[in-house]
């Protein structure tokens, strides 16, 4: 799978758990956005059939999103992957929000989602935007009233056990078509450590077991997932012979790229850019497709670290032992990244504030 993340507009929040460095960004020019969609379509003609792209971070806030969605829906060689997640801030402050939603629905995109971190005060604190909770709820009610499907993602944190009744009331109010239970992952982004004080423990997840059942979820499966992605279990695995290099050698099967508002194309997801391929306005589609195909997959591990900087297993174990053992993450790689971060291990991520690291080939 090859995915291009097209950053058409900045994000309205600065979530502490964010793993793609969301936040206020320069908005992509409308003409450039349409051109980039066309250029990605041309590149995809030389790529495998599973190539797709998303519009990020808050596309509904872009003044020309209707036009951009039309271009996204009309591609021939690449599929627009509509993940549908939004804070609601971008669209709910628009005077033309009905027209924007109608354009989405007319283009075949009828499912949307919001993320809830708890009650109003906690939610706004985690996303670092006052009024974000109210906007998310308003958006959920807005799309339900217009016949669209609503998915609510619950990002479990250590306050959930005491707020489960409040969260249940939110779900009763919204009556979503689907509820997703998630544990935020950890990546070595600039804000990666900001969320650590909010992380749930294995015991928190176990306490929520009966509540998960009321949501129609497999409590045993969720609890087992939490245990499998805990710091303590990672320590045991490393002690029992888990080799870091073996993790890096495992097939990933996914490749991520990002297109910035200035139309520069990077290898790596948003916030995890490792190499600039050039300006999408001027790149030769066949040549850049050939370059992309020869690049290694970059979902995990190699996406963030060079193998040459990996610590000895003993040092890694010591770093993880220094962390709360029952803290849980969204997946096992997150625990490894957390240990590497504790060791101040250098990442492959480009510092895009340094001009020489942005895209020297295009000036």
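When residue 352 is tested against (1) buried (at least 16 other Cβ atoms within 10 Å of the Cβ); (2) modelled with pLDDT of 95 or more; (3) out of contact with any helix residue (DSSP H, G or I) (no Cβ under 9 Å at 6 or more places or on another chain), only condition (2) is not met. Applying the set (1) farther than 23 Å from residue 325 by Cα; (2) in contact with a strand residue (DSSP E or B) (Cβ under 7 Å, 6 or more places away or on another chain); (3) in contact (Cβ under 8 Å) with a residue 40 or more places away in the chain to residue 205 leaves exactly one unmet item: (1).
Go through the range 1-105 and tell me which helices (runs of 4 or more DSSP H), entirely inside it, have 2 or more residues that are closer than 21 Å to residue 264 by Cα and free of Cβ contacts under 8 Å to residues at least 40 places away in the same chain. Before you say what the answer is, go through the steps one by one.
Working: elements: 30-44, 65-73, 89-92.
Ranges flagged: 30-44, 65-73.
Taking the range 285-301 as the region of interest, how many residues are touching a helix residue (DSSP H, G or I) at 6+ places or on another chain (Cβ under 9 Å) and under 21 Å from residue 359 (Cβ atoms)? The number of residues fulfilling the criteria is 6.
Taken over the range 137-158, residues that are buried (at least 18 other Cβ atoms within 10 Å of the Cβ), assigned to a loop (DSSP other than H, G, I, E, B) and out of contact with any strand residue (DSSP E or B) (no Cβ under 7 Å at 6 or more places or on another chain) amount to 1.
Take the residues of the range 285-313 that are outside any helix (DSSP H, G or I) and in contact with a strand residue (DSSP E or B) (Cβ under 9 Å, 6 or more places away or on another chain): which is nearest to residue 235 (Cα to Cα)? Give the derivation first.
At the first step, the residues of the range 285-313 found to be outside any helix (DSSP H, G or I) are 295-300, 304-306, 310-312.
Applying the additional criterion that residues be in contact with a strand residue (DSSP E or B) (Cβ under 9 Å, 6 or more places away or on another chain) yields 295-299.
Numbers: 295: 32, 296: 28, 297: 27, 298: 25, 299: 23 Å.
Looking at the filtered set, the residue picked out is 299.
How many of the residues in the range 266-280 are in a loop (DSSP other than H, G, I, E, B) and either modelled with pLDDT of 95 or more or touching a strand residue (DSSP E or B) at 6+ places or on another chain (Cβ under 7 Å) (or both)? Final tally of qualifying residues: 6. The single condition from (1) more than 19 Å from residue 140 (Cα to Cα); (2) at pLDDT 95 or above; (3) touching a helix residue (DSSP H, G or I) at 6+ places or on another chain (Cβ under 7 Å) that residue 187 fails is (2). If you go through the range 106-136 and keep only what is part of a loop (DSSP other than H, G, I, E, B) and without any contact (Cβ under 8 Å) to a residue 40 or more places away in the chain, you end up with 107, 108, 110, 130. Which one is nearest to the chain's Cα centre (by Cα) among residues in the range 264-283 that are surrounded by fewer than 22 Cβ atoms within 10 Å (Cβ to Cβ) and farther than 24 Å from residue 192 by Cβ? So, considering only residues that are surrounded by fewer than 22 Cβ atoms within 10 Å (Cβ to Cβ) and farther than 24 Å from residue 192 by Cβ, the one nearest to the chain's Cα centre (by Cα) is 277. Take the conditions (1) out of contact with any helix residue (DSSP H, G or I) (no Cβ under 6 Å at 6 or more places or on another chain); (2) in contact (Cβ under 8 Å) with a residue 24 or more places away in the chain; (3) surrounded by fewer than 18 Cβ atoms within 10 Å (Cβ to Cβ); (4) closer than 23 Å to residue 127 by Cβ; residue 214 misses just one of them, which is (4).
Kindly indicate the residue of the range 221-253 that is assigned to a loop (DSSP other than H, G, I, E, B) and out of contact with any strand residue (DSSP E or B) (no Cβ under 7 Å at 6 or more places or on another chain) and also nearest to residue 44 (Cα to Cα) among those meeting that condition.
To start, the set of residues in the range 221-253 that are assigned to a loop (DSSP other than H, G, I, E, B) comprises 229, 240-243, 250-253.
Filter again for out of contact with any strand residue (DSSP E or B) (no Cβ under 7 Å at 6 or more places or on another chain), leaving 240-243, 250-253.
Working: 240: 44, 241: 41, 242: 38, 243: 36, 250: 26, 251: 22, 252: 20, 253: 17 Å.
The selected residue is 253.
Looking at residue 55 and the list (1) under 27 Å from residue 179 (Cβ atoms); (2) crowded, with 24+ Cβ neighbours inside 10 Å; (3) more than 23 Å from the chain's Cα centre (by Cα), which single condition is not satisfied? Exception for residue 55: condition (3).
The values are calculated or read from the model by the stated rules, or taken from the named source; none is laboratory data. In this text, all values refer to a predicted model and were calculated from it rather than measured experimentally. So basically every Cβ, Gly included, is an ideal-geometry build from the backbone, and we count neighbours across all protein chains shown.
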